Amino acid sequence: MKILLIGSTARADCIAEAIINSKTKPELYAVMPLLNPGVKQKAKELIVHSVMDFNFILSYAEKINPDFVFVAPDDPIAEGLVNELEKIGIKSFGPKKEVARIESSKSFARELLKKHEIEGLPKFKVFSDKKGIKEFAESLKEIVVKPDGLTGGKGVQVQGDHFDSIEQGLNYADLILEKGKVIIEEKLKGEEFSLQSFCDGKTVLDCIPVQDHKRAFENDSGPNTGGMGSYSMENGLLPFLKKEHLEQAHKITEKVALALKKETGIEFKGILYGGFMLTKKEVKLIEFNARFGDPEVLNVLPLLKTDFVEVCQRVINGTLNEISLEFESKASVCKYVVPKGYPVNSVKNALIEFKETKTKHYFGAIKEKNGNYLMTGSRAMAFIGIGETLSKAEEISQKAVESVKGRIFYRKDIGTKALIQKRIDHIANV
Ligand code: GLY
């Protein structure tokens, strides 16, 4: 079997590992924008090339003729790489662009849930110009301002976190309106969690839930990032999350998969990743993504006991209903090591050194030069502690990041007892 992975970042390194560990023993080929040292070790061939150059990818795919292509990042998914591969008779794991709009257009996502009466929606309105925007914003207590399109997770601004008054939020909305639509929503209060689900268009199978940490610095301060680290628990829940909450999130995901088919005539095949908020009363939907999360995938795939390639094939051929997913009953803590200054003004091309140990690690924004690893500016390396309990997993990942040398930083507090307690106290008091 041959699989072609289109990827970038540590997410691709982790997916590459899950692919080569399959009992089907596939040969892995990869196209990535950087010579990722982790993927290089795992792949038969790694081509460094833009993942947005579809002509190049199509001719490379035709040459190697893989059993399927795994499309990992949001941009090529949103631009329709899966559609183009299908036109030349090559199967893909990943949604077509019509249904990937659930991520690439926040207004499409909100309107879809509203039209199909799917629960979990906050109050929202989509605006193409300023008409009525002030009145609507002022009718809400506090607001969230979202650009309509893809922003790498960094475009959303929340009152109280990124701006103080409704007037300041509306100034940000004006800037967005110069380029496209803006969504104004009520601010939800509670704890966020990520539920990544395999979907073949009809059946939805959930991974264990994960909590990500978006802010750059300890105690959830500093600018938003792609995610500084994340954790999952041995019992398949989170410290503040009960089984009934997971069931609510699952129902929303399942209804969205069916609504997408009704709306577009196309089945969503890939990962439907819901960013949810557990509020005082219920589970609300923040947004859907059409791919694995980074770092969230780094928590779930290392614990997945079901054969990953088999699951991917079942997504593609629509037989997910015949299996269930099994995960090891272990906790995981992921801590990202990033260059100083990230995400605003990262040092570039700085050396990073670490000792190879048994602790799992995945390479992100790293390039290799003369046997040295250099950080290119974004999240550099992720270290994943896996243990019987959260505190053991945290200890392992913390020990690993402490051994990394270079102009770097990381969040010490991810997965610690103190931060977990803060989450539990927060949900009790919202
Ligand atoms: N961790 C956030 C994301 O992957 O979008």
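Derivation of every value follows stated rules applied to the coordinates shown; laboratory data play no part. Since the structure is predicted, the reported quantities are computational estimates derived from the model, not experimental observations. Glycine gets a Cβ as well: all are built from the backbone with ideal geometry, and neighbour counts include every protein chain shown.
What the table below lists for this structure:
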item	result
Of all residues in the range 92-119 being over 15 Å from ILE266 (Cβ atoms) and among the basic types (Lys, Arg), the one that is nearest to the chain's Cα centre (by Cα)	LYS106
Test for ILE77: is it surrounded by fewer than 24 Cβ atoms within 10 Å (Cβ to Cβ) and aliphatic (A, V, I, L, M)	no
Any hit, the range 71-80, residues being among the hydrophobic types (A, V, I, L, M, F, W, C) and away from the ligand (no atom under 16 Å from the Cβ)	no
Strands (runs of 3 or more DSSP E) wholly inside the range 169-238 containing at least 2 residues that are of a type outside the set (Phe, Trp, Tyr) and within 16 Å of the ligand (Cβ to nearest atom)	191-199, 215-217, 221-224, 229-232
Subset of the range 223-261 [closer than 18 Å to GLY415 by Cβ and more than 20 Å from the chain's Cα centre (by Cα)]	GLU234, ASN235, PRO239, PHE240
Evaluation of ALA418 against (1) of a type in the set (A, V, I, L, M); (2) surrounded by fewer than 13 Cβ atoms within 10 Å (Cβ to Cβ); (3) touching a Gly at 6+ places or on another chain (Cβ under 9 Å) (one fails), failing number	(3)
Every pair of residues 6+ apart whose Cβ atoms lie under 6 Å, when the first sits in the range 217-242 and is among the acidic types (Asp, Glu) while the second is in a strand (DSSP E or B) and away from the ligand (no atom under 16 Å from the Cβ)	GLU234/ALA331
Within the range 110-134, tally of residues that are within 14 Å of VAL182 (Cβ to Cβ) and in contact with a helix residue (DSSP H, G or I) (Cβ under 8 Å, 6 or more places away or on another chain)	9
Answer residue from the range 166-185, given it is farther than 9 Å from VAL145 by Cα and among the acidic types (Asp, Glu) and is surrounded by the fewest Cβ atoms within 10 Å (Cβ to Cβ) among those	GLU178
Sole exception among (1) away from the ligand (no atom under 16 Å from the Cβ); (2) crowded, with 22+ Cβ neighbours inside 10 Å; (3) assigned to a helix (DSSP H, G or I); (4) in contact (Cβ under 8 Å) with a residue 60 or more places away in the chain for GLU98, by number	(2)
Of all residues in the range 272-308 being β-branched (Val, Ile, Thr) and surrounded by fewer than 24 Cβ atoms within 10 Å (Cβ to Cβ), the one that is nearest to the ligand (Cβ to nearest atom)	ILE286
